[in-house]
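Report on the structure given below.
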Amino acid sequence: MDRITVNAPAKINLSLDVTGRRPDGYHELRTVFQSIALSDTLTLERLQESGIRLMTDAENVPADEGNLAVRAAMLLFHAFSLPGGLSITLEKRIPVAAGLAGGSADAAGVLYAMNLLYGLEFSRTELEKFALILGSDVPFLLFGGSAYATGRGEALTPLPDLPVLPVILGNPGVPVSTKAVFQAFDERGSEVHPDAEAMAGAFFEEEGEARTKKILSLAGNTLEPVTASLVPAIAAIKAKCLEKGAFPALMSGSGGTVYAVYENAEKAQNSLSELRSEYPDAGWILTSTGIRGIEVI
Ligand code: C5P
């Protein structure tokens with residue numbers, strides 16, 4: 001095999017609680033990760049000549065080792081002295097530095113694709129070990145779906161699927177540094193502490209509308225007031241989404257994207273046009289919850 005193309009989906013955090021600071025400087029999390037349909041597409045091609053090349057259509061994305069996708073490739077090249085080189089073509093759709101783990105999804109996509117391209121035959125557990133070297137949420141993004149995570153976000157318990165629900169993403173267009181948000185959290189704390197474990201438990205209840213409602217009613221994000229104090233547009237976008245009938249409307253991860261869940265496609269579509277015309281300063285994307293992680297296409 002010389003060439004492979006994969007779709008690498010983004011995630012949202014249906015629930016995110018920060019429960020403490022760890023001796024290694026990271027924070028202890030309890031979170032429910034949820035894949036969404038919005039994805040980046042990566043094509044990897046083996047090259048005879050050495051070196052890793054990244055080509056992308058996105059302007060705000062580095063093409064060197066500042067890019068997590070390149071770092072993922074370097075990690076496997078160095079660890080296994082792989083021959084030749086690699087070209088990565090990255091078609092970017094996931095907003096950058098936005099709480100949707102776009103960079104981490106690309107890194108996960110490269111690990112997943114290289115495992116097949118070079119016939120490395122790593123198991124899921126082995127791939128997750130490499131993934132964690134690249135970032136706390138990369139292990140989840142390798143396999144996606146719905147999962148409860150603790151630790152840095154890497155101790156994963158897979159959850160039964162959520163039905164496919166329409167989701168609108170509202171992005172304030174201000175890049176947010178995860179590190180800066182956690183620092184601000186250390187200084188000011190947060191008055192919001194959702195019960196992520198209870199949400200994870202609700203995933204195991206009997207499938208149906210009541211289960212979906214219960215899961216969504218437990219949504220929350222400890223980091224939302226923290227990032228919202230740095231980026232005021234987050235509160236405004238959230239308020240607009242709630243006004244347009246979303247439930248819930250919540251910031252994802254360390255922000256600043258707000259995701260808004262809608263009951264059905266028609267309500268989401270109507271709301272999208274109103275949001276676009278009433279709040280044109282935000283980037284609006286219509287997507288849905290997804291049940292899969294990376295897929296070869
Ligand atoms: O792991 P990752 O590189 O994605 O994390 C980016 C930054 O977010 C870390 O440098 C750290 O400051 C912060 N972080 C944290 N606790 C976590 C995950 C991330 O403090 N569980």
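The values are calculated or read from the model by the stated rules, or taken from the named source; none is laboratory data. Keep in mind it's a predicted model, so treat the numbers as computed, not measured. Cβ sites come from the backbone with ideal geometry, for glycine too, and all protein chains shown count toward neighbours. Surface accessibility is based on the protein's heavy atoms, side chains included, excluding ligands, DNA and RNA. Shrake-Rupley method; radii C 1.70, N 1.55, O 1.52, S 1.80 Å.
Miscellaneous remarks
- Boolean, A202 is touching a Lys or Arg at 6+ places or on another chain (Cβ under 6 Å) and more than 30 Å from L42 (Cα to Cα): yes
- Any hit, the range 246-254, residues being surrounded by 18 or more Cβ atoms within 10 Å (Cβ to Cβ), modelled with pLDDT under 95 and in contact with a helix residue (DSSP H, G or I) (Cβ under 7 Å, 6 or more places away or on another chain): no
- Of all residues assigned to the range 278-287, at least one qualifies as being open to solvent by 70 Å² or more (accessible area, probe 1.4 Å), assigned to a helix (DSSP H, G or I), more than 30 Å from A69 (Cβ to Cβ) and out of contact with any Leu (no Cβ under 7 Å at 6 or more places or on another chain).
- Within the range 162-192, the residues that satisfy the criterion of being of a type outside the set (S, T, N, Q), surrounded by 16 or more Cβ atoms within 10 Å (Cβ to Cβ) and farther than 28 Å from E278 by Cβ are L162, F182, A184, F185.
- Selection status of L100, within 18 Å of T222 (Cβ to Cβ), under 14 Å from the mean Cα position of the chain (by Cα) and crowded, with 24+ Cβ neighbours inside 10 Å: yes
- Of residues in the range 131-155 being more than 8 Å from the ligand (Cβ to nearest atom) and of a type in the set (S, T, N, Q), the one nearest to the chain's Cα centre (by Cα): S146
- Answer from T89, T150, T125 - the residue that is at pLDDT below 95 and open to solvent by 40 Å² or more (accessible area, probe 1.4 Å): T125
- Looking at the range 1-78, the strands (runs of 3 or more DSSP E) lying wholly inside it that each contain 1 or more residues that are open to solvent by 70 Å² or more (accessible area, probe 1.4 Å) and within 16 Å of the ligand (Cβ to nearest atom) sit at 3-21, 27-47.
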